[in-house]
1. As an exercise: evaluate residue 263 against (1) closer than 17 Å to residue 291 by Cα; (2) loosely packed, with under 15 Cβ neighbours inside 10 Å and give the number of the one condition it does not meet.
2. Give me the strands (runs of 3 or more DSSP E) completely within segment 89-167, filtered to those with at least 2 residues that are acidic (Asp, Glu) and farther than 22 Å from residue 181 by Cβ, ordered by residue number.
3. Would you check if residue 154 is small (Gly, Ala, Ser) and open to solvent by less than 40 Å² (accessible area, probe 1.4 Å)?
4. Going by the structure shown, is residue 185 under 24 Å from residue 128 (Cβ atoms), without any contact (Cβ under 8 Å) to a residue 40 or more places away in the chain and buried (at least 17 other Cβ atoms within 10 Å of the Cβ)?
5. If the requirement is being at pLDDT 95 or above and hydroxyl-bearing (Ser, Thr, Tyr), which of these qualifies: 241, 205, 217?
6. Give the residue, chosen from 274, 239, 264, that is in a loop (DSSP other than H, G, I, E, B) and more than 26 Å from residue 124 (Cβ to Cβ).
7. Residue by residue through segment 188-200, note down the ones that are over 17 Å from the mean Cα position of the chain (by Cα) and open to solvent by 80 Å² or more (accessible area, probe 1.4 Å).
8. Find the residue count for segment 13-53, including only residues that are surrounded by 15 or more Cβ atoms within 10 Å (Cβ to Cβ) and in contact with a Gly (Cβ under 9 Å, 6 or more places away or on another chain).
Amino acid sequence: RLGTMANIEDSKLNISFVPYNPVIGHKEWNINDGNIITYDFHHKHIDADLLMTSKESLVHLFTQHNDSVHGQEDLNLKIQDIKIADWIALNPYAPKIKGDLSADLKVRFNENEQIEGKGTASISELYYGKQRVGTFDCDIDITTDRKGSIETTATMDIDRQRAMTAYGHIRDSSAVVPFYADFELTRFPLKVINPFLPANTAKLSGVLNGQMDVTGSFEAPQFNGYLRFDSTELYVNMIGSKFKFDNINIPIDSNIVYFDNFDIRCINENPMTISGQVNMKNIFNPVINLEFA
């Protein structure tokens, strides 16, 4: 039971949430009396004062007026212990997911007319079905300007260990390289994939390292870098055996993945060696040319 009221008055869009005691995901919440989010079309200015609380959770979107600051004040968003299961329960077809979402984000408009966003976001004790995926903590830093250029840096920790660092830059579509991103995987735990695999089929262990540059455009991205498995095993339930993956680099050059005597070992340690390439210039229709020995 949640709704909004909106009106436009003197070039301002005003939005408020009602009732002040809504029900979301079968749980009772409280919303501050007089809550409002306002956008001034003439001055392109946002004001906000919205506080939603439940017994366990909090959502706070607000600006703090400062007479010494000309222009837009910081826009702050604080989220604390949002129960994901409560919100996706609104969709009867949603999978069983649970975990607690928290965030502390700040958006500011600097003197160069750039929008800067910084903060943290986390999902603690994420479960898919009845299997634990992990705890994810992210640091985010985003800068954009009126030309549409966006630059972002982000890190992600999984279970308090650094797993990924990412940098990205989106420029004007007319630029020679309109899109660039760099991803670095540092002992990314493959066990987080297991809850999403079909039940009783397979189980992954070990970690994945690598570095990947992505350039080009969203329509035709180009990948360059490498991946490397470390202590990685795949257990296949149907045959009751583990397959151990080689720990050599798997290079990726212009969307082509190269395998050079890549070994997969089973119980008897007699390897199956893979050589060849997978051409992914068309991501939706890869061309596979591999030899197994």
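1. Looking at each condition in turn, residue 263 falls short on (2).
2. Counting at least 2 such residues, we get 97-109.
3. Details: small (Gly, Ala, Ser): yes; open to solvent by less than 40 Å² (accessible area, probe 1.4 Å): yes.
The answer is yes for residue 154.
4. no
5. Details: 241 fails: at pLDDT 95 or above; 217 fails: at pLDDT 95 or above.
Of the residues listed, the single one that is at pLDDT 95 or above and hydroxyl-bearing (Ser, Thr, Tyr) is 205.
6. Selected residue: 239, the only one of 274, 239, 264 that is in a loop (DSSP other than H, G, I, E, B) and more than 26 Å from residue 124 (Cβ to Cβ).
7. The first filter runs over segment 188-200 and keeps only residues over 17 Å from the mean Cα position of the chain (by Cα), leaving 191, 194-195, 197-200.
Passing the criteria: 191, 198, 199, 200.
8. Residues flagged as surrounded by 15 or more Cβ atoms within 10 Å (Cβ to Cβ) and in contact with a Gly (Cβ under 9 Å, 6 or more places away or on another chain) within segment 13-53 amount to 5.
The values are calculated or read from the model by the stated rules, or taken from the named source; none is laboratory data. Values in this document were obtained by computation on a predicted structure and should not be read as measured data. Quick reminder, even Gly has a Cβ in these numbers, built from the backbone with ideal geometry, and neighbours come from all protein chains shown. Only protein heavy atoms, including side chains, enter the accessible area calculation; ligands, DNA and RNA are left aside. Shrake-Rupley method; radii C 1.70, N 1.55, O 1.52, S 1.80 Å.
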